[in-house]
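Reading through the C-alpha cells given below for one structure.
The values are calculated or read from the model by the stated rules, or taken from the named source; none is laboratory data. These numbers come from a predicted model, not from an experiment. Neighbour counts run over all protein chains shown; Cβ positions are idealised from the backbone, glycine included.
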Amino acid sequence: MKVIGIGGSLLLGTALMVGCNERNDQTGPTSPATGPISADVAAGNTSVVLDATGDWVDITGQDYQDEVRAEITKKGNTFVFVMTLAGAVQDNPPFPSWADMLLWDFALDTRPTAFPVGYPFTKKTAAPWEFVIGHFVYPSGFTDPRVPSPGVLLDRTPLLNGGEVKVTPIQFTIDGAKMTWVVDAALLGDPSTFQWAAGTSAWQTSGEDVKNGYNQGRHFDLVPDEGLAAWPK
C-alpha cells in the first residue's frame, strides 16, 4: 500500500502525507477548465513519473482518479504541472457519502527540515509540504471560502512563522484525462530543486468548521508509489 498521511495528504505518499504532529494515517484536500494553457513544455528542466493503471490505494476510486503519469517542467520563469489520468474527468464527479471534497494535486517539499502546521490540515497537524497545487471539487451545498477557484496554489510557508496560508488562483485546464496547472516560479520561491508527489483523494472536514481544515482523507492513487520524486530529475 502506498503510505500517505493526512498530514501531507493533499496528495501524497509516505512522506507525502505522513509527516504530521498528530501522525494521522491520512490527512486533508475541483471544476471545469479556467482558460487556455499556452506554456510550451517541450523544453526545460523536467521530472516525470509513470504509474501503472489500476494500482489503486483505494479500489473505490474511478478511472479519472487513477494516475498514469505526473510531470513537472520548468521553462523560463514558469512551472507547469501535468497530471494524466486513466479516464476523462467528469464535470460533476460522484462523492463518497462521507466526503466534503475531492482533490487532484501536486505537493512540494521545498524545505526538507520544515513541517508547516495547519491548513489544509487541522491546526495541530504538521505536514512536509510547503506548497500544494491542486484542483478542489466540492459537493452541492458545500463550500470552502479559502478556495476561490478550481485551480489554486496553497502557499503554506507563512504557517512557519505563525501566519496564514496564502491561496492564489492559478491558470488551470482540464482536457479530457489531462489536468494542467501553470505557476509563476516566483510564487514557489523559484526553487532550484525540491521533492514532490501527486495524488487523487477525498477528504472531510474536522467536524467543526472547514476553516479548521480537513482531518480525514482517503487516497485513491499516489505517484510515486513509494517515497517522493525529485525535481529536476
Q | From the options Phe115, Phe142, Phe95, Phe131, residue that is closer than 21 Å to Thr180 by Cβ and either hydrophobic (A, V, I, L, M, F, W, C) or modelled with pLDDT of 95 or more (or both) | A | Phe131
Q.
If a residue must be of a type in the set (A, V, I, L, M, F, W, C) and more than 15 Å from Pro191 (Cβ to Cβ), how many such residues does the range 60-79 contain?
A. 2
Q) Just to be sure, is Glu208 at pLDDT 90 or above, over 16 Å from Phe81 (Cβ atoms) and either surrounded by fewer than 21 Cβ atoms within 10 Å (Cβ to Cβ) or among the polar types (S, T, N, Q) (or both)? A) no
Q) When the range 103-118 is examined, which residues are found to be surrounded by 24 or more Cβ atoms within 10 Å (Cβ to Cβ) and under 16 Å from Asn161 (Cα atoms)? A) Pro116
Q.
I need every pair where a residue in the range 42-63 that is at pLDDT 90 or above has its Cβ under 9 Å from the Cβ of a residue that is of a type in the set (Ser, Thr, Tyr) and surrounded by fewer than 14 Cβ atoms within 10 Å (Cβ to Cβ), sequence separation at least 6 or different chains.
A. Asp63/Thr53
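Filter the range 162-205 down to residues that are acidic (Asp, Glu) and either surrounded by 17 or more Cβ atoms within 10 Å (Cβ to Cβ) or within 21 Å of Asp91 (Cα to Cα) (or both), then give me how many there are. Walk me through how you get there before you give the answer.
Step one: list which residues in the range 162-205 are acidic (Asp, Glu), which gives 164, 175, 184, 190.
From what is left, the residues that are either surrounded by 17 or more Cβ atoms within 10 Å (Cβ to Cβ) or within 21 Å of Asp91 (Cα to Cα) (or both) are 175.
Qualifying residue count for the region: 1.
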